[in-house]
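Comments concern the structure below.
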Amino acid sequence: MAERSFAREVEQLRIGAGQEFRGEGILAITKALLECGVGYVGGYQGAPISHLMDVLADAQEILSELGVRFEANASEAAATAMLAASVHYPIRGAVAYKGPVGVNVASDALANLASGGVTGGAMMIVGEDYGEGSAIMQERTHAFAMKSQVWLLDPRPNLRSMTKAVRDGFELSEATETPVILELRIRACHVHGAFEARDNQRPPLSVKDALSAPRRSTERLAMPPFAFRHEQEKVSKRWPRAVEFIMENGLNEFMGPKAGKVGLVLQGGMYNTVMRSLRRLGLADLHGNSQIPLYVLNVTYPLAEAEFLSFCEGKDAVLVVEEGQPNYIEQAFGSMVHRKGLPTRVQGKGYLPMAGEYQPGEMLEALSGFLADHGVTPADPRQRAPNDTQTPPVPDLSATVPLRTPGFCVGCPERPIFAAMKLVDQKIGPHQIACDIGCHLFSILPPFDLGGTTMGFGLGPASNGAFDGGGERRPISIIGDGGFWHNGLASSIGNAVLNQSDGVIVVVDNYYTAATGGQDILSSRAEHPTRNTNNSIAGAVKGVGVKWVREIDRTYDVTKVRDTLTEALTTPETGPKVIIASSECMLNRQRREKPLRHAAIGDGKRVVVPKFGVDEDVCTGDHACMRLSGCPSLTMKTLDDPLRDDPVASIDDGCVGCGNCGEVADAAVLCPSFFQVDVVHNPGRFERWYARVSGRMIEALQRRRARKRLTFEKAEMA
Amino acid sequence: MSEHPRDFTPARSDDDGLITLAILAVGGQGCGQLTDWIVAIAEANGYRAQSSSVPGVAQRTGATIYYIEMAPDTGAEPVFSLMPAPGEVDIVVAGEIMEAGRGVERGFVTPLRTTLVTSTHRVLTLSEKLVPGDGRADSAVVLAALEQAASHLVAMDMERVAADHDSHITNCLLGALAGSGALPFERAAFEAAIRASGRGVEAALRAFSDAYERAQSGIGTEAPAVTETPEPDVAGPERLRAEWAALEARLDALPDPARAMAGAGLRKVVDYQDLRYGALYADCVLRGAEADRAAGGEARGWAYSTALAKHLANALCYDDIIRVADLKTRGARFARVRDHAKAGGEAVLAVTEYMHPRAEEICGLLPARLGRRIEASPRLFGMLDRMVNRGRRLRSGRLPAFVLLYGLGGLRRVRRKLWRDRVESAHREAWLALAEARLPRDYAMAVATLDARRLIKGYSDTHGRGLSKFDVVLDGLALVEGRADAADWARRLMESALTSPDLSAVEGTLATIRSFAGEKETA
């Protein structure tokens, strides 16, 4: 069901020792898990590791051949809780989710898991995205690693290093009885590269076998009094053992010359950007040979003090390249140097930006500044020539080029929901609207401008709690089907029932978790061989005690959505009012149906393909339709008519004929310029006959009128 | 911390053969495929390559960047960057012209090294579309900047080239990239990548080839030649055509820019109603031109006559049900719909019109006296509204709905006796009188009065809002009349009315005018 199929790519997961693997980062990670003899995998989707879940789902055949259990977990908390299988059993397990939101959700389970520790290697693969790749706020998983005392790996972003980090991570986890987190940035997840594969390993003990011989030990139970002991054990045994392991096995890397006036300490993930800047400064070549000493932290927590201090020996200063805020690593190193009384200066933030993604431009500036301040000049004379004077000025386009923010796709079934909501707002007055995580969050942006908060996945309705006592106008909240099953049923719907909320809750159901790429959830409509789908959201809502429930099974019916919303906002009924608005994600639907449709047309079957159009001479160019739509396919063109000042609406070939344009024009009483044209491919005989007959009569009428009047038709342009 | 200007040239270290390439696209354009192709081409031709991207946003219509680095395979593993750096991109491929502009803005396109391959077509952003007037960014400004910013520019409308070959823009982007010669690979290497993808290969190769040739020969990098728009042909019975010729000849008395506009206006008016209506238009425009001449219009490029020719035509051709029905039932329109649907000869079309008439529109269709009575009585009006006010889906390709629309379109003959015509005529006359009265006193104000007509457009509520804006602007004009900066205020009034969909902006401008106009009165 996922929007992207890895069916072809996962075949590479079967290759063995000596063969070269070529592909994307996430696929390589999956391969590494199999090479490590992982016993079970799971997780919760979200960029950038959504595709990791898709790869696992598409690889189920290979997984089951190897005896590996795959769970599509209900949430990150559930995924982390699943790592409980590694607590008493020597089974390796891995789960994936997006950080920091995923880590936040997982943190309850994470704390419990970390306290008792593990027997088998337990790994959380966390996608952290910064900068333009970030769909969410930027926070550091690092803080969670520190507070729960679990180890954090941040490998260099190439497939060889990333797959090695998976192997190292499991060994480190087992050697220290501690779960580990493997952190990957979004570009590393999607980097295309190669590495030398190894043979896949069957897990030495499968989860199935483990069930036949259950084990338990109160030693690992995360509750007092055992937890008091864990607290000590974490710092007296596990931590020192981890530092030892890291140093013994060379998990961190020293590169470049040993001696130097200055050195760079960097997170593994920063390596490529740092190397590119050094190359530009003439201090490194393309193949990673640096003239500056580098200390690359593939493990960013815990830090190996002895390693760092030896790196500092004889150096005036080291620059810590640490993305994210606060600068935990820089602070820790600073305090190490201070305690030891070394003269080396530890620098970092200041040269580098306090927060946000470290982009190449910023890195170059930071490194050249740091190096210049410490008297290091570039080796390559070419690099020293002044340049800015001879660079021709590049025109400033900032006022011309418009921002291009993401929005609902062509034909998105959520667009009409928000068009209806906007109409309701225009009619009854503005409402307090709470949003939630998911595509529907685009409602916050123009043209809808609805809603102003999002407090977490599945927490839209819960975040209206304070307003739920009612007032002049009822509060409205949005929740998606993904968030609904993630935790919304209890945290949002149950919460509203218990507290006798007076609010209106709109559940946006698009048949699966559409925003993350179409992964299945309980209410997915497709039949699935290894999942139980088709469970009713309405049933669940009624089950927890909601009395007022309305289901809309075609969101494109703007009039109906508007009227249902109005009813929910005005009904005397008490308690939460839940509207479940369902239509399938158009992006995924098109992906699935388009090839089938083409095939059917080719096979001579009757197929109806709808498309919308605008009568350009009826359209007056006021763009009211666009202010209620925002469909990428609904665009504008200039007419070749000196009498018209403004461009008119026009529908391009991307139109999928969802119907929103017509429905909005109707519900908002806009204008009669929209028409829908259904192209009937391979029509039946009667259909053809009828079309011919009525066509002839129509043409006769048209000729009749044309004979009696003057018409002006543009000659066809060549 | 001190500031550190970059002391080092961004000169390219050619010795290792590194090539950096960024693809700037609009999500949904399929540039992930293009990225995969380029990587495959590089790897098949003795290079090591790495690509990276930030998907997710990509499908959802935002701006997105794919980044590729490649270097000759020497056996050693290169360290490739995952992000493009300002000043260090050798090749930028842009799927849309504003994205190319964004590449310049972000410093990826530099005159020292960057080959820029861009499509010049527009994918409008939402912010441009929401403006009630024309909010589109100026492509010409961007194109001029691209020429300065790139070391080598290949620019053409690849969306159109793709459409010409019934193919996809990615094929053209690859073709133009190959044709630009920026990558050290043979043409056949690029084509092999398209062949390997295995879908619609023939069309794809044609699109590729077209773009390749254009890139090589530099065609398409110049601004498109201005084509003379041919005058529309007049069709109809002999007698009417003769009358038309006589009527059109009367316009020859008009000075030059106004003559062309009036020609278009006359065609519109006659097409809308009939020759008599056309004569009314011609009389009014000719009279206006006389007044223009008297007011010294020649020195002002005949702005008044031209504005009159334009806006009077639009005012005469108000949008009513008759107009809509007439337009929707014409033969030419049927052909246009078939064209739009890209339907083959065998396919049958079913066309559905989305109409939503209200009591206002129905009242307008009634004989003047009856329409006036109903509109004056809230009870009758409410009753009528309850009867008619709902969405109507008409299958205009089928006989019953067609006949209904055809019949409505036929009401054209009695249009001038209907209530709506009375309303429109009165409004129009008042507006023209106002402009005419201002002309001898303040030429610019008179033109501004005519130009305000641009605000009246749309149907139902939108039309109502347009009328209100028009009224506000006329109020404002009346207040500033006679001031030295009146023209400037007129421009501001129009601007605020055209950029904001509701009345708030233009009312704000009016309030500002009131504040100082009021002061003047009391002073």
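Of the residues A:497, A:549, A:544, which single one is assigned by TED's automatic domain parsing to the domain that holds residue A:432 and either open to solvent by less than 30 Å² (accessible area, probe 1.4 Å) or at positive phi (or both)?
A:549
Can you name every residue in region B:338-366 that is part of a helix (DSSP H, G or I), facing another protein chain (nearest Cβ under 7 Å) and either of a type in the set (S, T, N, Q) or open to solvent by 20 Å² or more (accessible area, probe 1.4 Å) (or both)?
Across region B:338-366, the qualifying residue is only B:340.
Could you figure out which of (1) touching an Asp or Glu at 6+ places or on another chain (Cβ under 6 Å); (2) surrounded by fewer than 24 Cβ atoms within 10 Å (Cβ to Cβ) isn't true of residue A:128?
(2)
Could you check how many residues of region A:66-81 are assigned to a loop (DSSP other than H, G, I, E, B) and either over 17 Å from the mean Cα position of the chain (by Cα) or not assigned by TED's automatic domain parsing to the domain that holds residue A:105 (or both)?
3
Would you point out which residue out of A:243, A:191, A:235, A:166 is in contact with a strand residue (DSSP E or B) (Cβ under 6 Å, 6 or more places away or on another chain) and of a type in the set (A, V, I, L, M)?
After ruling out the rest, the residue left standing is A:191.
In region B:64-83, what residues are touching a strand residue (DSSP E or B) at 6+ places or on another chain (Cβ under 7 Å), within 7 Å of chain A (Cβ to nearest Cβ) and either buried (at least 23 other Cβ atoms within 10 Å of the Cβ) or not in a strand (DSSP E or B) (or both)?
B:78, B:80, B:81, B:82, B:83
Condition check ((1) crowded, with 22+ Cβ neighbours inside 10 Å; (2) at the interface with another protein chain (Cβ under 8 Å from one of its Cβ atoms); (3) aliphatic (A, V, I, L, M); (4) under 30 Å from residue B:460 (Cα atoms)) across all residues:
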| residue | (1), (2), (3), (4) |
| --- | --- |
| A:570 | no, no, no, yes |
| A:594 | no, no, no, no |
| A:604 | no, no, no, no |
| A:625 | yes, no, no, yes |
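Test residue A:251 against the criterion of being assigned to a strand (DSSP E or B), away from chain B (no Cβ under 13 Å) and open to solvent by less than 30 Å² (accessible area, probe 1.4 Å), and give yes or no.
no
Which one of these does residue A:689 not meet: (1) at the interface with chain B (Cβ under 7 Å from one of its Cβ atoms); (2) more than 30 Å from residue B:263 (Cβ to Cβ); (3) over 34 Å from the mean Cα position of the chain (by Cα); (4) not small (Gly, Ala, Ser)?
Of everything listed in (1) at the interface with chain B (Cβ under 7 Å from one of its Cβ atoms); (2) more than 30 Å from residue B:263 (Cβ to Cβ); (3) over 34 Å from the mean Cα position of the chain (by Cα); (4) not small (Gly, Ala, Ser), residue A:689 misses just condition (1).
For region A:627-645, which positions are at the interface with chain B (Cβ under 7 Å from one of its Cβ atoms), surrounded by 21 or more Cβ atoms within 10 Å (Cβ to Cβ) and either more than 20 Å from residue A:406 (Cα to Cα) or touching a Cys at 6+ places or on another chain (Cβ under 9 Å) (or both)?
If the condition is that a residue be at the interface with chain B (Cβ under 7 Å from one of its Cβ atoms), surrounded by 21 or more Cβ atoms within 10 Å (Cβ to Cβ) and either more than 20 Å from residue A:406 (Cα to Cα) or touching a Cys at 6+ places or on another chain (Cβ under 9 Å) (or both), then A:632 is the only one that fits.
If residue A:192 satisfies all but one of (1) within 14 Å of another protein chain (Cβ to nearest Cβ); (2) crowded, with 18+ Cβ neighbours inside 10 Å; (3) closer than 25 Å to residue A:265 by Cα, what's the number of the condition it fails?
(3) is the only condition that residue A:192 fails.
Can you name the number of the only condition in (1) closer than 20 Å to residue B:428 by Cβ; (2) open to solvent by 30 Å² or more (accessible area, probe 1.4 Å); (3) aromatic (Phe, Trp, Tyr) that residue B:516 fails?
Unmet for residue B:516, out of (1) closer than 20 Å to residue B:428 by Cβ; (2) open to solvent by 30 Å² or more (accessible area, probe 1.4 Å); (3) aromatic (Phe, Trp, Tyr): (1).
Can you tell which of B:256, B:252 is open to solvent by 60 Å² or more (accessible area, probe 1.4 Å), at pLDDT below 95, out of contact with any Asp or Glu (no Cβ under 8 Å at 6 or more places or on another chain) and in the same structural domain as residue B:312 (by TED's automatic domain parsing)?
B:256
Looking at region A:338-360, which of its residues are without any contact (Cβ under 8 Å) to a residue 40 or more places away in the chain and either surrounded by fewer than 19 Cβ atoms within 10 Å (Cβ to Cβ) or not assigned by TED's automatic domain parsing to the domain that holds residue A:271 (or both)?
The answer is A:338, A:339, A:340, A:341, A:342, A:343, A:345, A:349, A:350, A:353, A:354.
Only one of these is touching a residue at least 60 places away in the same chain (Cβ under 8 Å), crowded, with 17+ Cβ neighbours inside 10 Å, not aliphatic (A, V, I, L, M) and not in a helix (DSSP H, G or I): A:559, A:530, A:574, A:555. Name it.
Being touching a residue at least 60 places away in the same chain (Cβ under 8 Å), crowded, with 17+ Cβ neighbours inside 10 Å, not aliphatic (A, V, I, L, M) and not in a helix (DSSP H, G or I) holds for just one of A:559, A:530, A:574, A:555, which is A:555.
Quick check on this structure: which one of A:47, A:17, A:32 is open to solvent by 30 Å² or more (accessible area, probe 1.4 Å), more than 14 Å from chain B (Cβ to nearest Cβ) and aliphatic (A, V, I, L, M)?
That would be A:17, the only listed residue that is open to solvent by 30 Å² or more (accessible area, probe 1.4 Å), more than 14 Å from chain B (Cβ to nearest Cβ) and aliphatic (A, V, I, L, M).
Answer with yes or no whether residue B:335 is surrounded by fewer than 18 Cβ atoms within 10 Å (Cβ to Cβ), of a type in the set (A, V, I, L, M) and within 32 Å of the chain's Cα centre (by Cα).
Yes, satisfied.
Is it the case that residue A:701 is in contact with a Gly (Cβ under 6 Å, 6 or more places away or on another chain) and at the interface with another protein chain (Cβ under 7 Å from one of its Cβ atoms)?
So residue A:701 fails the test.
May I ask you to verify whether residue B:322 is open to solvent by less than 20 Å² (accessible area, probe 1.4 Å) and either of a type in the set (Val, Ile, Thr) or in contact with a Phe, Trp or Tyr (Cβ under 7 Å, 6 or more places away or on another chain) (or both)?
Here the answer is yes, as residue B:322 does meet what is asked.
Can residue B:313 be described as within 8 Å of chain A (Cβ to nearest Cβ) and either open to solvent by 10 Å² or more (accessible area, probe 1.4 Å) or assigned to a helix (DSSP H, G or I) (or both)?
In short, yes.
State all residues of region B:405-434 that are surrounded by fewer than 20 Cβ atoms within 10 Å (Cβ to Cβ), farther than 27 Å from residue B:289 by Cβ and more than 14 Å from chain A (Cβ to nearest Cβ); if no residue qualifies, say none.
Hits for region B:405-434 are B:414, B:417, B:422, B:423.
Is there any pair with a first residue in region A:472-494 that is in a loop (DSSP other than H, G, I, E, B) and a second that is acidic (Asp, Glu) whose Cβ atoms are under 6 Å apart and which are 6 or more apart or on different chains, and what are they?
Listed pairs, sorted by first residue: A:474/A:502.
Select, from B:240, B:205, the only residue that is closer than 30 Å to residue A:707 by Cβ, at pLDDT 90 or above and crowded, with 17+ Cβ neighbours inside 10 Å.
Residue meeting the stated conditions: B:240.
Taking region A:79-105 as the search range and keeping residues that are open to solvent by 40 Å² or more (accessible area, probe 1.4 Å) and among the small types (Gly, Ala, Ser), which one is nearest to residue A:516 (Cα to Cα)?
Looking at residues that are open to solvent by 40 Å² or more (accessible area, probe 1.4 Å) and among the small types (Gly, Ala, Ser), I get A:81.
How about region A:1-50: which of its residues are closer than 22 Å to residue A:77 by Cβ and without any contact (Cβ under 8 Å) to a residue 60 or more places away in the chain?
A:41, A:42
The values are calculated or read from the model by the stated rules, or taken from the named source; none is laboratory data. The model shown is predicted, which means the values in this text are computed figures rather than measured ones. A quick note on method: Cβ atoms are made from the backbone with ideal geometry, for glycine too, and the neighbour counts reach across all protein chains shown. Surface accessibility is based on the protein's heavy atoms, side chains included, excluding ligands, DNA and RNA. Shrake-Rupley method; radii C 1.70, N 1.55, O 1.52, S 1.80 Å.
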